[in-house]
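**Student:** Before I ask anything, let me first share the structure, which is written out below as structure tokens.
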Amino acid sequence: MPSGLARGTLEAAVDVPTKATCGLALTLGLGGCAWDAPMSTVAARSDLARDILHVYSIITWITVGIALVVGVGLAWVLVRFRDRPDAPRMPAQTRGHTLLEISWTIAPAIVLLVIAIPTIQVIFRTQAAPTRDALEVRVLGHQWWWEFRYPTLEVVTANEMHVPAGRAVALTLDGPDVIHSFWVPMLGGKRDVVPGRLNRLTFTAETPGEYRGQCAEFCGASHANMGMRVVVDAPDAFARWVAAQKAEPVEPAAGPAADGKAIFARSACVGCHTIRGVSSGALGPDLTTFGSRHTLAAGILPVTVETVAAWVKDPSALKPDAKMPALGLTDEQARAVATYLIGLK
Ligand code: CUA
């Protein structure tokens, strides 16, 4: 046992940095909390998200109730049986109490049952077959981007999925390489994307807006850079988006855009990317309507001539381990390709 003086000195030495660290950790931790953050799990904007939030609320309120009961009980015991000068050295001991033992066996079982019933109901509801009028979307998780195929609409896009508000959307998830996980928190829970297995996820988005999502299963060096956007459109805006996606790409006017098209058409680009009427590669995202997207490289950068040119010059510099190789283009060539791609709307 250290002397009083030595212990005091030790505490003083440890105290300040420990308090500062705890304070910093708390500030950073709470700084990440916001009810309306872009990926909030407590701001439900679809029937699926609402169902999950309902279960979450039940569990939260039950555990808050249990914490209160335990806390109050503990406080009462601490006060009631505190050490007093007139108290006996050893209070009366109880060994074996059938009623108490039965109670604390049954009580947790009842709590688990109360949590299990709505949980199982929601699990079954989220696994139900989609309605016949649901919009089908095939979701493919790739290292490290998302592909969205609309078989009934003959539309293919990447990283930004548009869906109409108020209509059920039936996702079928699959992928060609490793396991990913599709997660757009405000529209519902995670669903794994497993190569060789078709997983399903159905939801009806309620409110038009842009919702952020993220791959939620570690899938390699750029897992953290595998974001996505789900754009929920009003039905007429969705119809306009579909029409724009199906339109033939316009021929670029002479100048940088036309030069960019020529560079694209004679480069390795055509081996991996489809641009309708120009190329039919299938390894990378379909770029036919690239200019209609707001973000680049699975949501990590805004689409501007500068960002697209930087990406085309050296993808791995922006996204570690990107599968797209650097094409050895000059700055001018990269800007021309970027101008051409952004013009594809
Ligand atoms: Cu894909 Cu993590």
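No lab work stands behind these numbers, since they all come straight from the coordinates. Predicted model only: the values in this text are computed from it and were never measured. Every residue, glycine as well, gets a Cβ built from its backbone with ideal geometry; the counts of neighbours run over all protein chains shown.
**Student:** Once you list every other residue whose beta carbon is under 13 Å from the beta carbon of LEU344, what net charge do they have if Lys and Arg are +1 and Asp and Glu are -1?
**Tutor:** Around LEU344, the charge tally is +1.
**Student:** Before rounding to the nearest 500, sum -39500 (n - 2.57) across all DSSP H runs of length at least 4 in the chain and divide by the residue total; then give [θ] at 222 nm in deg cm²/dmol.
**Tutor:** -14000 deg cm²/dmol
**Student:** GNM on the chain, C-alpha springs below 10 Å: top fluctuator among ILE59, ILE110, ILE120?
**Tutor:** Sorting by GNM fluctuation, first place goes to ILE110.
**Student:** What do you get for the angle between helix 235-246 and the principal long axis of the chain? Use alpha-carbon atoms, 0 to 90 degrees, nearest ten.
**Tutor:** 50
**Student:** Pull out the extension gain between HIS54 and ALA254, defined as 0.36 nm times the separation in residues minus the alpha carbon to alpha carbon distance; nm, one decimal.
**Tutor:** Length difference between fully extended and current span is 66.3 nm.
**Student:** Could you give me the radius of gyration and the Dmax of the chain, taking only the C-alpha atoms into account and expressing both in angstrom?
**Tutor:** 28.6, 100
**Student:** Follow-up. Please list, ordered by chain and number, the residues whose modelled amide H lies under 5 Å from the amide H of HIS162; skip anything fewer than 5 residues away on the same chain.
**Tutor:** When sequence neighbours closer than 5 places are left aside, the close amide H contacts are VAL231.
**Student:** Where both residues lie in the chain, what percent of DSSP beta bridges are antiparallel, nearest 5?
**Tutor:** In the chain, DSSP labels about 70 percent of beta bridges as antiparallel.
**Student:** What is the distance, in nm, between label points placed 7 Å from the Cα along the Cα-to-Cβ direction at GLN121 and at ALA134?
**Tutor:** In this crude spin-label approximation the distance works out to 2.0 nm.
**Student:** Excluding HIS294 itself, calculate the net charge of residues whose Cβ lies under 9 Å from the Cβ of HIS294, where each Lys or Arg counts +1 and each Asp or Glu counts -1.
**Tutor:** Value of the local net charge: 0.
**Student:** Also, I was wondering about something else. Using only Cα atoms, tell me the angle between helix 47-80 and the longest principal axis of the chain; keep it within 0 to 90° and round to the nearest 10.
**Tutor:** Between the helix axis and the principal axis of the chain, the angle is about 20 degrees.
**Student:** Would you tally the net charge around TYR211, using a Cβ to Cβ cut-off of less than 10 Å, leaving TYR211 out, and scoring K and R as +1, D and E as -1?
**Tutor:** Neighbourhood net charge equals +2.
**Student:** Let me ask you something else. How long is the gain from CYS33 to ILE110 if the chain were fully straight, where each residue apart is worth 0.36 nm and the alpha carbon distance is subtracted?
**Tutor:** That pair, CYS33 and ILE110, stretches by 24.5 nm at full extension.
**Student:** Using the count of nearby Cβ atoms within 10 Å as a rough guide to exposure, how do TYR150, TYR56, TYR340, TYR211 rank from fewest to most?
**Tutor:** Going from least to most buried by this count: TYR56, TYR150, TYR211, TYR340.
**Student:** Post the alpha-carbon centroid distance, segment 222-242 to segment 279-340, in whole angstrom.
**Tutor:** 19
**Student:** Would you give the gap between the C-alpha center of segment 164-199 and the C-alpha center of segment 120-142, rounded to a whole Å?
**Tutor:** 9
**Student:** Same structure again: Compute the angle between helix 256-266 and the longest alpha-carbon principal axis of the chain, please, reported from 0 to 90 degrees and rounded to the nearest 10.
**Tutor:** Approximately 90 degrees, to the nearest 10.
**Student:** Once amide H atoms are placed 1.01 Å from N in the peptide plane, what residues at a sequence separation of 5 or more from ALA234, or on another chain, have their amide H within under 5 Å of its amide H?
**Tutor:** Here the answer is ALA165, since their amide H atoms fall under 5 Å of that of ALA234.
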